[in-house]
Amino acid sequence: MNKAPSSTVEQDLSKPEAISLREAFLFWLKLGFISFGGPAGQISIMHQELVERRRWISERRFLHALNYCMLLPGPEAQQLATYIGWLMHRTWGGLIAGALFVLPSLFILIALSWVYIAFGEVPVVAGLFYGIKPAVTAIVVQAAHRIGSRALKNNWLWGIAAASFTAIFVFNVPFPLIVLGAAIIGYFGGRLAPERFRTGGHSATKKSFGPAFIDDDTPPPEHARFSSFKLLRLLLVGAALWVLPMGILTALFGWEGTLTQMAWFFTKAALLTFGGAYAVLPYVYQGAVGHYGWLTPTQMIDGLALGETTPGPLIMVVAFVGFVGAYVQQVFGPDHVFLAGALAATLVTWFTFLPSFLFILAGGPLVESTHNELRLTAPLTAITAAVVGVILNLACFFGYHVLWPNGFSGQLDWPSALIAIAAAIALFRFKRGVIEVLLGCGLIGLAVHLLR
């Protein structure tokens with residue numbers, strides 16, 4: 001009677017055997033299709049699967065890698081998957097994990113973008129997006145609140161957030177300058193008033209899930225040890241992977257060509273995504289909507305809605321921007337609009353995520369050389385505070401175009417306002433999920449649109 005529970009405990013606490021690359025491949029593929037919920041949801045799924053259930057990596061090593069990923073520009077959940085894949089199965093493991101985190105979302109978004117741009121005027125589709133747009137505005141407000149409640153711990157950080165909002169809302173200061181200014185403030189603030197710029201990061205709990213394949217005391221594998229030769233080789237390969245496609249685009253379409261400018265623009269965007277996708281969206285709409293005119297403000301809102309309802313990192317909204325921009329501008333002529341859109345979506349995804357892979361593969365050995373707390377967080381703390389103000393500006397931008405579609409001189413769209421309020425109540429008061437809110441508001445919008 002007592003033997004069965006005992007053997008179960010022993011089995012649960014035994015150290016997992018080596019994980020094959022095939023087994024890891026199947027898991028990363030599955031993760032690519034179920035990674036809904038934004039970075040918090042995606043990291044939670046990885047923690048449950050890799051730390052708690054499968055015990056491929058210990059919680060301390062998992063969170064140490066996450067702290068590093070949060071210091072980097074780029075989607076931290078995708079970078080965390082790349083890091084763990086690299087740690088377990090060398091460079092190929094990292095490439096597989098990171099790519100499978102993105103590819104399902106890319107293919108889904110290409111299909112949805114085509115449906116949107118080709119059939120967006122169909123009453124059913126138009127009605128769904130009529131309800132989704134106000135919901136997106138509420139979701140962005142919730143993002144500002146969520147990040148702000150975690151980041152704005154004192155008056156200094158509140159002041160940085162207020163200054164960044166004023167800079168971009170009133171003076172239209174480019175997003176890169178706001179990030180640079182916040183980083184400088186954080187750098188000096190961390191030395192003059194370190195207690196004001198201290199960030200807690202993620203720390204492991206005392207709860208144990210049993211021994212892991214990569215445990216707290218597991219030494220770094222041979223490939224995870226720092227080598228200046230390996231670093232130089234990696235940097236050269238990374239440079240070639242950027243220069244070669246950029247050179248081909250320039251030769252075929254010229255520097256001012258749409259695809260070339262998309263590649264260059266999203267390379268810069270990839271280096272500015274401190275604080276996640278919501279932080280870089282203002283930069284994307286400043287460039288894609290305001291400067292280049294690749295898509296309209298309404299299309300940008302719709303693209304964010306599609307990004308919210310698909311698996312993968314939210315920054316994949318760049319695939320929508322690329323698809324719509326190349327499709328509408330008929331880069332390959334009127335007979336090949338889908339090909340132009342699909343190629344543009346793929347290209348902007350390549351240039352957006354290439355730096356993320358390089359950051360992990362180049363910095364991973366340095367991170368594995370120490371399991372102590374990372375210290376250089378004060379600039380990130382200030383940048384995160386500035387991001388709150390930038391995201392609030394994004395909410396104002398979306399709210400203006402949704403609630404006053406004809407400008408302030410026109411009438412307030414009352415149905416949209418009521419849907420936005422209902423979405424905010426569902427998110428803040430009843431803690432409903434993003435996808436649930438989007439679907440509910442989409443159905444309400446469809447009903448309103450059809451009854452008009």
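In table form, for the structure just shown:
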quantity: Which listed residue, of Phe213, Phe188, is in contact with a Pro (Cβ under 7 Å, 6 or more places away or on another chain), of a type outside the set (A, V, I, L, M), more than 26 Å from Thr267 (Cβ to Cβ) and modelled with pLDDT of 85 or more; calculated: Phe213
quantity: Subset of segment 145-161 [open to solvent by 100 Å² or more (accessible area, probe 1.4 Å) and at pLDDT 85 or above]; calculated: His145, Lys153, Asn155, Trp156, Trp158
quantity: Residue list for segment 343-353, filter: open to solvent by 20 Å² or more (accessible area, probe 1.4 Å) and of a type in the set (A, V, I, L, M); calculated: Leu343, Leu347
quantity: Residue in segment 305-313 that is of a type in the set (Val, Ile, Thr) and open to solvent by 20 Å² or more (accessible area, probe 1.4 Å) present; calculated: yes
quantity: Test for Leu272: is it open to solvent by 10 Å² or more (accessible area, probe 1.4 Å), part of a loop (DSSP other than H, G, I, E, B) and within 22 Å of Leu80 (Cα to Cα); calculated: yes
quantity: Test: residue in segment 323-330 that is closer than 22 Å to Ile117 by Cβ and without any contact (Cβ under 8 Å) to a residue 24 or more places away in the chain; calculated: yes
quantity: Lone unmet requirement of (1) open to solvent by 20 Å² or more (accessible area, probe 1.4 Å); (2) more than 18 Å from Val317 (Cα to Cα); (3) part of a helix (DSSP H, G or I) for Gln286; calculated: (2)
quantity: Pairs with Cβ under 7 Å, 6+ apart, first in segment 216-241 and on the phi < 0 side of the Ramachandran plot and among the aromatic types (Phe, Trp, Tyr), second open to solvent by less than 70 Å² (accessible area, probe 1.4 Å) and in a helix (DSSP H, G or I); calculated: Phe226/Pro365
quantity: Subset of segment 387-423 (residues that are in a helix (DSSP H, G or I), of a type in the set (A, V, I, L, M, F, W, C) and open to solvent by 30 Å² or more (accessible area, probe 1.4 Å)); calculated: Leu392, Cys396, Phe397, Leu403, Trp414, Leu418, Ile421, Ala422
quantity: Some residue of segment 293-300 being under 26 Å from Leu244 (Cα atoms), in a loop (DSSP other than H, G, I, E, B) and not basic (Lys, Arg); calculated: yes
quantity: Long-range neighbours under 7 Å by Cβ, at least six apart or interchain, first residue within 23 Å of His449 (Cα to Cα) within segment 419-430, second hydrophobic (A, V, I, L, M, F, W, C) and open to solvent by 70 Å² or more (accessible area, probe 1.4 Å); calculated: Ile419/Ile444
quantity: Given (1) among the small types (Gly, Ala, Ser); (2) farther than 23 Å from Leu443 by Cα; (3) open to solvent by 20 Å² or more (accessible area, probe 1.4 Å), index of the condition Ala111 fails; calculated: (2)
quantity: Number of positions in segment 373-384 that are at pLDDT below 85 and in a helix (DSSP H, G or I); calculated: 6
quantity: Failed item, numbered, when Ser369 is tested on (1) under 29 Å from Lys268 (Cα atoms); (2) in contact (Cβ under 8 Å) with a residue 60 or more places away in the chain; (3) surrounded by fewer than 20 Cβ atoms within 10 Å (Cβ to Cβ); calculated: (1)
quantity: Glu195 vs. criteria of a type in the set (D, E, K, R), free of Cβ contacts under 8 Å to residues at least 12 places away in the same chain, more than 25 Å from Tyr283 (Cα to Cα) and part of a helix (DSSP H, G or I); calculated: yes
quantity: Test result for Gln48, in contact with a Leu (Cβ under 7 Å, 6 or more places away or on another chain), part of a helix (DSSP H, G or I) and modelled with pLDDT under 95; calculated: no
quantity: Flag if Ala340 is part of a helix (DSSP H, G or I) and either under 21 Å from Val136 (Cβ atoms) or over 21 Å from the mean Cα position of the chain (by Cα) (or both); calculated: yes
quantity: Residue in segment 242-269 that is surrounded by the fewest Cβ atoms within 10 Å (Cβ to Cβ), counting only those that are free of Cβ contacts under 8 Å to residues at least 40 places away in the same chain and among the polar types (S, T, N, Q); calculated: Thr250
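To keep it simple, each residue is scored yes or no on (1) at pLDDT 85 or above; (2) closer than 30 Å to Gly93 by Cα.
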site	(1), (2)
Leu358	yes, yes
His371	no, yes
Ala386	yes, no
Tyr400	yes, no
Pro405	yes, no
Leu412	yes, no
Leu439	yes, no
Gly442	yes, no
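The values are calculated or read from the model by the stated rules, or taken from the named source; none is laboratory data. The structure presented is a predicted model; accordingly, all values stated were derived computationally and were not measured. Positions of Cβ are backbone-derived with ideal geometry, glycine not excepted, and every protein chain shown enters the neighbour counts. Just the protein is used for accessible areas: all its heavy atoms, side chains included, with ligands, DNA and RNA removed. Shrake-Rupley method; radii C 1.70, N 1.55, O 1.52, S 1.80 Å.
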